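Inspection log for the structure reproduced underneath, given as structure tokens.
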Amino acid sequence: MAKPSKKMSLTDAIQMIQDGDMLTFSGFTIWRRPMAAIYEIVRQQKKNLHLVEVNSGTHGEVLIGAGCVKIWESCWIGHELFGKLGGNLARKVMSGELIVEDYSHLHMLLRLTAGAMGVPYLPTAASLGTDIINPEYDILGRTGLRDGSDTRIPRAKYQFVNDTFYDMGTLLHVPAARPDVCIMLAQQVGEEGTVQIWGQKFSDEEAAKAANKLIVIAEEVVPEEYLRQEPERNLIPPYLVDAIVELPWAAHPTGCFGMYEADGAFIRDFYNETRTQEGFDAWAEKWIFGVNNHDEYLEKLGIRRLETLRSNSALKYSSKVKRGTR
């Protein structure tokens, strides 16, 4: 008996996300972010989202600028050398529209790892003696959101414990993160859902396994038999995947190793043009609401721009992108 297909349109996949859901994502800063899915979330006008990320980037800035996010828990946001500040996040915090809970990079990784392992917390010595663990900066606690009414928000930001095994002294228990949905961008996914990622995998495995639902946006869908020829290269098994969307160039303007480069000029323009809310709204009208779907977005970009970004299949990077110049 044939297994039911998980393949669906991007529109249908994003309809799985409900207002108020906690989300996490694949990738790192400007690499392998599910940008087509981000645009569709904005088009569908999802609200009060709660982002939990090891770090953020262009995708987070788009969601935050669009007013889709209520709570953001992470350690950093920006666009690397194409715009080092999270201008949209800063603006929303200053206006009181966004709650930010700050953890260290390692803390966020441990939180997703704990979620993936199914344990309530993991111990660490990271950030002891720093203001990361200053109770004054427990923003979710100060706003009354650690009262247990939202079971996804831990009752404490951290706990101090004394090691009774080796007398190492005080350690920190960091609570697990358990997102409702992880959206992953992968180079290849099998017809049943086996996920293969090329190059650096960042915290993708932890994010995918910590989440209740996993949506995979793939550059291409391939036969399962092909991926199983080299099982050691596969990251996620089919039973963890809830939806598959085949969508080439779905990470643009972020990069996808072996497929295409990050579009630095596009990201820099986004950073410069969205420093104000009026600027963001104008940018969104052009690139999100001014097109009906991903195909129209690619047509607006133009074939010449995309072909410049496309990776050489042997080198795994574009030989047409100028580097090392201003």
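For (1) touching a strand residue (DSSP E or B) at 6+ places or on another chain (Cβ under 9 Å); (2) of a type in the set (Phe, Trp, Tyr), each residue gets a yes or a no:
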residue	(1), (2)
Tyr103	yes, yes
Val119	no, no
Leu145	yes, no
Ala156	yes, no
Thr170	yes, no
Val174	yes, no
Ala177	yes, no
Cys182	yes, no
Open item on the list: With closer than 15 Å to Lys92 by Cα, surrounded by 24 or more Cβ atoms within 10 Å (Cβ to Cβ) and out of contact with any Pro (no Cβ under 6 Å at 6 or more places or on another chain) as the only criterion, which of Gly65, Gly57 stands out?
Closed with: Gly65
Task: Residues (free of Cβ contacts under 8 Å to residues at least 24 places away in the same chain, surrounded by 11 or more Cβ atoms within 10 Å (Cβ to Cβ) and of a type in the set (S, T, N, Q)) located in region 289-312 - done: Thr308, Asn312
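Taking region 290-322 as the region of interest, how many residues are assigned to a loop (DSSP other than H, G, I, E, B), aliphatic (A, V, I, L, M) and closer than 29 Å to Gln44 by Cα? Break it down into steps so the answer makes sense when it comes.
Step one: list which residues in region 290-322 are assigned to a loop (DSSP other than H, G, I, E, B), which gives 290-293, 302, 311-322.
Among the residues that remain, those that are also aliphatic (A, V, I, L, M) are: 291, 314-315, 321.
From what's left, closer than 29 Å to Gln44 by Cα: 291.
Residues that pass the stated criteria total 1.
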Task: Flag if Ile183 is within 30 Å of Arg304 (Cβ to Cβ) and either under 14 Å from the mean Cα position of the chain (by Cα) or at pLDDT below 95 (or both) - done: yes
Task: Enumeration of residues in region 64-86 that are over 20 Å from Leu109 (Cα atoms) and among the aliphatic types (A, V, I, L, M) - done: Ile64, Ala66, Val69, Leu81, Leu85
Open item on the list: Among the numbered criteria (1) within 29 Å of Glu136 (Cβ to Cβ); (2) free of Cβ contacts under 8 Å to residues at least 12 places away in the same chain; (3) not hydrophobic (A, V, I, L, M, F, W, C), which one does Pro4 miss?
Closed with: (1)
TODO: Output the residues belonging to region 17-41 that are within 20 Å of Ala251 (Cα to Cα) and either without any contact (Cβ under 8 Å) to a residue 12 or more places away in the chain or hydrophobic (A, V, I, L, M, F, W, C) (or both).
DONE: Ile17, Leu23, Phe25, Phe28, Ile30, Trp31, Met35, Ala36, Ala37, Ile38, Ile41
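When you scan region 1-78 for strands (runs of 3 or more DSSP E) that lie fully inside it, which ones turn up with 1 or more residues that are under 28 Å from Glu220 (Cβ atoms), touching a strand residue (DSSP E or B) at 6+ places or on another chain (Cβ under 8 Å) and not β-branched (Val, Ile, Thr)? Quick ask: steps written out before the conclusion?
Working: elements: 22-25, 49-52, 69-74.
Here the list reads 22-25, 49-52.
Taking Thr254, is it surrounded by 20 or more Cβ atoms within 10 Å (Cβ to Cβ), closer than 30 Å to Val222 by Cα, polar (S, T, N, Q) and at pLDDT 95 or above?
Details: surrounded by 20 or more Cβ atoms within 10 Å (Cβ to Cβ): yes; closer than 30 Å to Val222 by Cα: yes; polar (S, T, N, Q): yes; at pLDDT 95 or above: yes.
In short, yes.
Can you name every residue in region 255-270 that is more than 21 Å from Lys201 (Cβ to Cβ) and either among the hydrophobic types (A, V, I, L, M, F, W, C) or touching a residue at least 40 places away in the same chain (Cβ under 8 Å) (or both)? Can you show your working first?
Start the filter on region 255-270 by keeping residues that are more than 21 Å from Lys201 (Cβ to Cβ), which leaves 263-270.
Across region 255-270, the qualifying residues are Asp263, Gly264, Ala265, Phe266, Ile267, Arg268, Phe270.
Taking the stated definitions as given, is Leu122 without any contact (Cβ under 8 Å) to a residue 24 or more places away in the chain, surrounded by 15 or more Cβ atoms within 10 Å (Cβ to Cβ), of a type in the set (A, V, I, L, M, F, W, C) and under 30 Å from Tyr239 (Cβ atoms)?
Numbers: without any contact (Cβ under 8 Å) to a residue 24 or more places away in the chain: no; surrounded by 15 or more Cβ atoms within 10 Å (Cβ to Cβ): yes; of a type in the set (A, V, I, L, M, F, W, C): yes; under 30 Å from Tyr239 (Cβ atoms): yes.
Against the criterion (without any contact (Cβ under 8 Å) to a residue 24 or more places away in the chain, surrounded by 15 or more Cβ atoms within 10 Å (Cβ to Cβ), of a type in the set (A, V, I, L, M, F, W, C) and under 30 Å from Tyr239 (Cβ atoms)), Leu122 does not qualify.
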Task: Every residue from region 79-91 that is crowded, with 18+ Cβ neighbours inside 10 Å, part of a helix (DSSP H, G or I) and either at pLDDT below 95 or within 19 Å of the chain's Cα centre (by Cα) (or both) - done: Phe82, Gly87, Asn88, Leu89
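The values are calculated or read from the model by the stated rules, or taken from the named source; none is laboratory data. Quick caveat, the model's predicted, so the values are computed rather than measured. When we count neighbours, we look across all protein chains shown, and the Cβ atoms used for this are built from the backbone with ideal geometry, even at glycine.
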